[in-house]
Amino acid sequence: MSSVNDTKFNSSVFLLTGIPGKEDVHRWISIPFCLMYIISILGNSVILFIIKTDRTLHEPMYIFLSMLAVTDLGISISTMPTTLGIFLFNSREISLDACFAQLFFIHLLQVMESSFLLLMAFDRFIAICNPLRYASILTPPRLAKMGLLCVLRGVVVVLPLPFLLKRFQYCRANVLSHSFCVHQEVMKLACSDITVNRIYGLSSNLLTVGLDSLLIFLSYVMILKTVLSVTSHAESLRALNTCVSHLFAVLLFYIPEIGLSVIHRFGNSSSHLLQILLGYVYLLVPPLMNPIVYSVKNKHLRARIIRVFIK
């Protein structure tokens, strides 16, 4: 009877994990996490406010940046309750439905961020390789359609995940390695055959993040080819300088994403701590660093932000 009760209990909740072995200092660890969340939310909110209120920034590059900022805000808000709940209150339990909802939004926002980074690469490609047609190609209605298409693609790809997970029975020790729910981990706790989930998860990842990263790489190959054909060294540097912020954002997003996917699928027990740390980097660092990088590297945006704070 006790084993049946344990099975039922384990099937109703998952247990989230902070940093194993550091439970006694979780309160202290919560301080940098709180600062990261505050800076992420304030930084992205400031960028959205500046772009919305300054009509001179209503250009394709800044509109795509505002889409990225909205996505980063969503990622911070999606992960903040469970992460701070563990570090501040040792609140580890999360119901299956809440876990499925959280992983849906996390994966949806990750697919959307990848899509918006691709749109920003396309924006730089048009601006450098075909500047005379820039305004006619990236019109406001077309920008709205591109943004909506990215959202719809994310919903279509990610929506099956919680339904694929909900059909399983969870009768093992339901301890997750992170302080948030992700599909790669939750599916491993099922007592059923997860072949369909593995195939769908890998396929969807390749068709979204994998395809986007390939297209971004190809766009920068074309950009580099165009820039190198310019005879003026100063013009080449000026053109490349407009891509620096975007390159930082791409590296901050794709390196932890690819590393975490590889570890989840091919890692062993020795990579457990690395898996936990990469999980935090993959979800917390891009929303933190993107507004900082763009504020520092983009002189027009930086000037507007300084002007607002001086006022």
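The values are calculated or read from the model by the stated rules, or taken from the named source; none is laboratory data. Here the structure is a predicted model, which means the values were calculated and not measured. Cβ atoms come from the backbone with ideal geometry, glycine included; neighbour counts cover every protein chain shown.
Every listed requirement among (1) surrounded by 20 or more Cβ atoms within 10 Å (Cβ to Cβ); (2) part of a loop (DSSP other than H, G, I, E, B) is met by Pro20 save one, (1).
Quick one: would you say Cys181 is closer than 25 Å to His107 by Cα, touching a strand residue (DSSP E or B) at 6+ places or on another chain (Cβ under 8 Å) and part of a loop (DSSP other than H, G, I, E, B)? Answer is yes for this residue. Against the list (1) at pLDDT below 80; (2) touching a Leu at 6+ places or on another chain (Cβ under 6 Å); (3) not polar (S, T, N, Q), the condition Ile310 fails is (2). Among the residues of the stretch 206-226, just one is crowded, with 19+ Cβ neighbours inside 10 Å and either assigned to a loop (DSSP other than H, G, I, E, B) or charged (D, E, K, R) (or both), namely Asp212. The residue of the stretch 99-124 that is farthest from Ala249 (Cα to Cα), among those that are free of Cβ contacts under 8 Å to residues at least 60 places away in the same chain and among the aliphatic types (A, V, I, L, M), is Leu108. Scanning the stretch 36-64 for residues that are over 18 Å from Leu283 (Cα atoms) and not basic (Lys, Arg) yields a count of 17.
Out of the residues in the stretch 149-187 that are more than 18 Å from Ile199 (Cα to Cα) and among the charged types (D, E, K, R), which is surrounded by the most Cβ atoms within 10 Å (Cβ to Cβ)? Here the residue is Arg153. Quick check: is even one residue across the stretch 277-284 of a type outside the set (Ser, Thr, Tyr), within 25 Å of Cys181 (Cβ to Cβ), touching a Pro at 6+ places or on another chain (Cβ under 8 Å) and surrounded by 19 or more Cβ atoms within 10 Å (Cβ to Cβ)? Scanning the stretch 277-284 turns up at least one residue that is of a type outside the set (Ser, Thr, Tyr), within 25 Å of Cys181 (Cβ to Cβ), touching a Pro at 6+ places or on another chain (Cβ under 8 Å) and surrounded by 19 or more Cβ atoms within 10 Å (Cβ to Cβ). Of all the residues in the stretch 31-53, those that are polar (S, T, N, Q) and either modelled with pLDDT under 90 or more than 23 Å from Gln102 (Cβ to Cβ) (or both) number 1. A single entry from Ser203, Ser229, Ser192, Ser236 fulfils the requirement of being surrounded by fewer than 18 Cβ atoms within 10 Å (Cβ to Cβ), more than 23 Å from Pro287 (Cα to Cα), touching a Lys or Arg at 6+ places or on another chain (Cβ under 9 Å) and among the hydroxyl-bearing types (Ser, Thr, Tyr): Ser192. Only residues that are farther than 20 Å from Phe105 by Cβ and touching a residue at least 40 places away in the same chain (Cβ under 8 Å) were counted across the stretch 141-173, and they come to 6. Looking only at residues in the stretch 289-310 that are in contact (Cβ under 8 Å) with a residue 24 or more places away in the chain and of a type in the set (D, E, K, R), the one that is surrounded by the fewest Cβ atoms within 10 Å (Cβ to Cβ) is Lys297.
Among the residues of the stretch 192-209, those that are of a type outside the set (Val, Ile, Thr) and in contact with a helix residue (DSSP H, G or I) (Cβ under 9 Å, 6 or more places away or on another chain) comprise Asn197, Arg198, Tyr200, Gly201, Leu202, Ser204, Asn205, Leu207.
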